[in-house]
Amino acid sequence: MNSFFTRIKSRLKKLWQNKWIKWALIAIGAVLLFLLGLYISIYLGVFGKLPTLEAIGSIKQEQATQLLDKDEKLIGKYYIYDRQPVKFEDFPKHLIDALVATEDSRFYEHDGIDNISLMRVFVKNLILQDKSAGGGSTITLQLAKNLYGRKNYAIFSMLINKFKESIVAKRIEAVYSKEEILTLYLNTVPFSDNTYGIESASRKFFNKSVKDISLNEAATLVGTLKANTYYNPRVHLERSKDRRHVVLSQMVNYNYLAEDSLDYYSNQDLELEYRSFNHDLGLAPYFRAEVKKQLESILDTLKSPDGEQYNLYKDGLIVHTTLDYKMQELAEAAMKEHISKLQSDFENSYGKSAPWESNKKLLENAINNLPQVKAYKAQGLSESQINDSLSLKKLTDLFSWKGDTIKKISTIDSLKHYLKFLNTGMLSIEPTTGAVRTYVGGIDYRYFKYDHISQSERQVGSTFKPFVYTAAIENGLDPCTYFSLNKVTYTDYDDWTPSNSGSDEDEDPYINYTLENALSNSINTISVKVMERVGIPKVLEQVEKLGISKKLPNEPSLALGVAEINLKDLTGAYASYLNNNRSVKPYYITKIEDKSGNVIATFQPEISEKEAYNDYTRQVLLEMMKSTVNKGTASRLRSTYGLKNEIAGKTGTTQNNKDGWFVGLTPKLVTITWVGNDNHAIGFKSTGMGQGANSALPIFAKFYQKLNTDNDFNSITRAQFENPSEQVLDDLDCEPTKRDGFIKRLFKKKNKKTTFN
């Protein structure tokens, strides 16, 4: 035995005397000593404090705030990182199997560090140069990286980060069960398109919750983890399918999937139902932007249980709204169908004389109003320098109804391009509560951020007339009172002479209309006379009772809708005709929950405490607005669009055809649409095109056509108006027109001059 050890000692001595072996052993020892020292220094926090077991046990991840519709369907999210955590119970088994088989086959056997895999990597990768050996990383190591990130050190960054992750991984395994680790991992791992967490990825790529994804969909998402940009299924579909096959093969290799099933699943098409939750894209972007503004104000008044303010982007709040997801889809589709065609007609009507091309003063004013130009002027740049800058061509994204394009154009060319576009606003509310069901603030939020519901105020045109008639009926004017069509010049208002649309020759000054016939045909001259009879103060008082608090013009032209009123306020006022004479305030949010589902705020409808008028007045006005649809200016709802729903309404057109309006009242929904150009100097070429019946009404008509085909909306589309009282029917039972007798015609002036009382 002694001789054996003697021989071993002698051989080692000879080896040590070999200088190459000696230096090699010294080098190896030095490296090992360095690695040990580095590991100890990292453990002791020399390269940054490591999370303790307590800190790891109370991990708080940033979570996106979810915005839900009235039926709790996801509309959108507010986030810095698009993350939406779920529980382990929500993960389908085939998702867990795909993940473990592909990313960490020995996950259930190791304690965070898979030494066998590391040895395999060392032998195959470093010695045999086999690049397919993988990286030896475990799910727990990846989780450590996902949770705490990596830092850039001057030297040995990768080594230091790997050591830190190994220490953190061990601690994670000491604190959490395997199920909890998988839950944390799947809720934090980054997927394609800047998406964090499996739930967000499932909703983005397949428009469904993770608990509902199929085996193939799970394999697709797991496959992207190797390189989420390279295997992005939205961008690289075939590449993603190939990677899915690899995942399925791994599931077969580790007995998670029967071998004879591989071909079946691999040959299936990869069908995406992509939904972007980008703030500028997706459903109801204007609504989401407006709710965001409200939430920021609301959250300033709330404190979490620990006394901190809630963070809209990080705290995973759940915001329940009044919006109807499916109805909003139909509203947006109706808007796009109509406005895209109207835009083409609008441009063709001007031809080569389009104001955005030929009106130098209009262009000059538009250029001077550009924020960019104002900034240049503040910097002291000369006019020629500013023009040179504005004339510089660069690649620019351009909106088009035929499809967005990128062109190399100047700022001036871009301005001309966008000046020509018509825009729109559309709001639908439940009349008894003010709950907003649809909200279309413009034609495309990416390019037109201005919200025509919450921000814009435009002249309302003839949609103001029902308020005048309401004041008249409320103050005792008989519905069968007749008013003459003839013009009147008001000498105390600069000889102002209101006229009706159309040719003067078409009018018979000796014809008299009832209030119902005058309103349904939107007769300007009679509307002014009605207001003259009731008095401007009474009309202003009536409008204020309808919830419109803005100061309006105290002049006769108010009867023709020269007042600029917010679309939201107008909608709330019209709701009174369906809500027991009380106006409402359109509202968006019903309640807010924290990430655990605890309610932290609730919101109730804002309904006027006082009636704006009596029930008789309401019924009379509703009958008058039914006539507008059945035989007046909105009759194309019946003739052209074939709508048989119970509808009352009012069209509106403003001076020089700048604005087109339509108010649609059905028993359970109030909808108002507006169409016009954002530049007030640009109107429609003709009244035929710009009148509300042509520019705004079709959006409502197409919207209701779509509602009528969906049985989910039967409670709205088949609802009936209440029957008016016998007194209302009797008081409206008169001939719609009456011609003056011979004697009256003999002494009647065709154009009377008077003062406005």
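Quick note: the coordinates plus some simple rules give every number you see, no bench work behind them. From a predicted model like this one, the values you see are computed outputs, not experimental measurements. Positions of Cβ are backbone-derived with ideal geometry, glycine not excepted, and every protein chain shown enters the neighbour counts.
Model label points for I59 and L370, set 7 angstrom from Cα along the Cα-to-Cβ axis, are 5.0 nm apart. Model label sites at K360 and D269, defined 7 Å from Cα along the beta-carbon direction, differ in position by 5.8 nm.
First check a/c for region 549-598, with a ≥ b ≥ c the square roots of the eigenvalues of its C-alpha gyration tensor; if it is under 1.5, answer rounded, and if not, answer prolate when a/b is larger than b/c or oblate otherwise. Taking the square roots of the gyration eigenvalues as a ≥ b ≥ c, region 549-598 is prolate.
Here region 355-419 is assigned +1 on the Cβ of each Lys and Arg and -1 on the Cβ of each Asp and Glu. Its dipole about the Cα centre then comes out at about 40 debye. The H on the amide N of D82, modeled in the peptide plane, is under 5 Å from the matching H of Y196, each at least 5 residues off or on a different chain. Cβ under 12 Å from F603's Cβ, F603 left aside: what net charge do those residues give with Lys, Arg +1 and Asp, Glu -1? Residues near F603 contribute +1 overall. Cross-link partners of K87 among aspartates and glutamates, defined as those whose alpha carbon lies under 13 angstrom from its own and excluding same-chain residues fewer than eight positions apart: E179, E180, E199.
Each 5 Å bin, from zero up to the one with the longest distance, holds this percent of the alpha carbon pairs of region 355-419: 4, 16, 25, 23, 19, 9, 3, 1, 0. Per-residue packing, averaged as other Cβ atoms within 10 Å, sorts the ranges 524-530, 511-517, 106-112 into the order 524-530, 511-517, 106-112, beginning with the highest.
Counting Lys and Arg as +1 and Asp and Glu as -1, each charge on the Cβ, what is the dipole of region 649-748 about the Cα centre in debye, to the nearest 20? Dipole of region 649-748, to the nearest 20 debye: 560 debye.
Distances between placed amide hydrogens fall under 5 Å for D315 paired with Q63, all partners being 5 or more residues away or on another chain.
Okay, which of region 561-592 sit inside 16 Å, backbone N to the point 7 Å along the Cα-Cβ direction of L302? Inside the label zone: 588-592.
Quick one: Cα centre-to-centre distance for region 683-730 and region 279-319, in angstrom? Result: 34 Å between the Cα centres. In this structure, the residue pairs whose Cα-Cα separation is over 20 Å, taken from K360/K685; K341/K650; K336/K465; K545/K591, are K341/K650; K336/K465; K545/K591. A simple rule links phi to the HN-Hα coupling: the Karplus curve 6.51 cos²θ - 1.76 cosθ + 1.60 with θ = phi - 60°, which for region 346-355 gives 4, 5, 5, 5, 7, x, 7, 9, 4, x Hz, with x for Gly and Pro. Remark: for residue pairs K610/K644; K178/K211; K77/K314; K241/K402; K420/K658, the C-alpha separation exceeds 22 Å in K610/K644; K241/K402.
Checking every one of the chymotrypsin sites (Phe, Trp or Tyr not before Pro) in region 252-291 against DSSP loop status and a limit of 16 other Cβ atoms within 10 Å picks out Y254, Y274. Among 556-562, 360-366, the peptide with the highest mean count of other Cβ atoms within 10 Å heads the list, and the full ranking is 556-562, 360-366.
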